[in-house]
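The values are calculated or read from the model by the stated rules, or taken from the named source; none is laboratory data. For clarity, every value in this text was computed on a predicted model and none was experimentally measured. Every residue, glycine as well, gets a Cβ built from its backbone with ideal geometry; the counts of neighbours run over all protein chains shown. Only protein heavy atoms, including side chains, enter the accessible area calculation; ligands, DNA and RNA are left aside. Shrake-Rupley method; radii C 1.70, N 1.55, O 1.52, S 1.80 Å.
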Amino acid sequence: MNKLLDANAPRWRSTAVAGLALGLGALGALSVASSDFAFQWQPVPANVPARDALALTVGLLEMVAAVSLVLPRLRTAGSWLAAALLVGWTVLHVPAVARHPASIADWLGMAETAAMASAALMLAAGQAGIAAATAIRRGGMLVFGLCAIVFGLAHFAYADFTASMIPAWLPQRVALARFTGAAHALAGAAIALGVRRTLAAALEALMMASFVVLVHLPRVIAHPDSRMEWTMLCVALTLAASAALVATVSSRHPRRGQAHAPGEPAGILARR
């Protein structure tokens, strides 16, 4: 898997970045169209002053970040903007987790945003080739891995709800919900601990992409007027792209004792 990703690094990286841009940009477009924040992923209190204007501004910034991500000359700036926005999403979940530390649902909300934020931060640091890129990579891998473990716990804690979202034509939906929960948890542990990290992140990305195609896209087609369904589709796409970025970052990181090529920045995703 490492050799496959290394051999096709620009293609995999471009695909992952495009997915991140599409998901984040679509979420921004939903905020602009509704003058509201994303359901549950951006839990801004209702009493915040000028909330509608703030939601519109954040939505526009998300769209700017998305456009910048797909333009090579602006990708570094776009990745930092995306990272800042996603870190902000994560911070919004801290009060709920602090109030209900035993609630997996509250941890799940923070984990989903933290997973996206960690991938965007690793991308930004690597694009910029900053000295702290390696430290950011290590921290980002740990955070993403822990987030995936939370995804797995949520599948077990809410197995019936998860099963209800699986297409009816698939058999043993509760068992599938638990199986995918175990897959999340195992992939997360491998990513956090550095055990076959590239393979684990690639499989996590593939599984998340299957959720986009098999679960969320059909639900949007069935309910095209539902902003919640569109939001879940965009979040699922952004998470899948984030996992793919983690796989790409992992495969491009020099192994212990392996030096960078002369003149090559030490960043994980040095600009090409």
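At 1.4 Å probe radius, can you tell me the per residue accessible area of the range 46-145 in Å²?
Details: 4530 Å² over 100 residues.
Ligands and nucleic acids excluded, the figure is 45 Å² per residue.
How large, in percent, is the carbon and sulfur part of the accessible surface of the range 91-214 at a probe radius of 1.4 Å? Could you put the intermediate results ahead of the total?
Numbers: 4180 of 5680 Å².
That share works out to 74 percent.
When the Cα centres of the range 191-216 and the range 126-163 are compared, how far apart do they sit, in Å?
Taking the Cα centre of the range 126-163 as reference, the centre of the range 191-216 is 11 Å away.
When the Debye formula is applied to the Cα atoms of the range 4-146, each taken as the same point scatterer, what base-10 log of I(q)/I(0) results at q = 0.10, 0.19, 0.21 Å⁻¹?
Those come out to -0.36, -1.17, -1.32, one per q.
Rounded to the nearest 0.05, what FRET efficiency do Q172 and A131 give with R0 = 45 Å and r taken as the Cβ-Cβ distance? Could you check? Working shown, then result.
Values: r = 50 Å, r/R0 = 1.12.
Step by step, r from the Cβ atoms, then E = 0.35.
For the chain, what's the relative contact order in percent, using C-alpha pairs closer than 8 Å and at least 6 residues apart?
24 percent
Counting other C-beta atoms within 10 Å, and keeping those with at most 16, which DSSP coil chymotrypsin sites (Phe, Trp or Tyr not before Pro) do you find in the range 31-60?
F39
What do you get for chymotrypsin sites (Phe, Trp or Tyr not before Pro) in the range 123-216 restricted to DSSP loop and a cutoff of at most 12 other Cβ within 10 Å of the site's Cβ?
For chymotrypsin sites (Phe, Trp or Tyr not before Pro) across the range 123-216 that sit outside H, G, I, E and B with at most 12 neighbouring Cβ atoms in 10 Å, the list reads W169.
According to the Kirkwood expression over distinct Cα-Cα pairs, how big is the hydrodynamic radius of the range 109-151, in Å?
10.2 Å
With the convex hull built on the Cα atoms of the range 62-157, state its orientation-averaged projected area in nm².
6.4 nm²
Which value, in Å², gives the accessible area per residue of the range 167-238 when a 1.4 Å probe is used on the protein heavy atoms?
I get 52 Å² per residue for this part.
Mind jotting down the three principal axis lengths of the range 111-255 based on Cα atoms? Whole angstrom, largest first.
That gives 49, 31, 20 Å along the principal axes, largest extent first.
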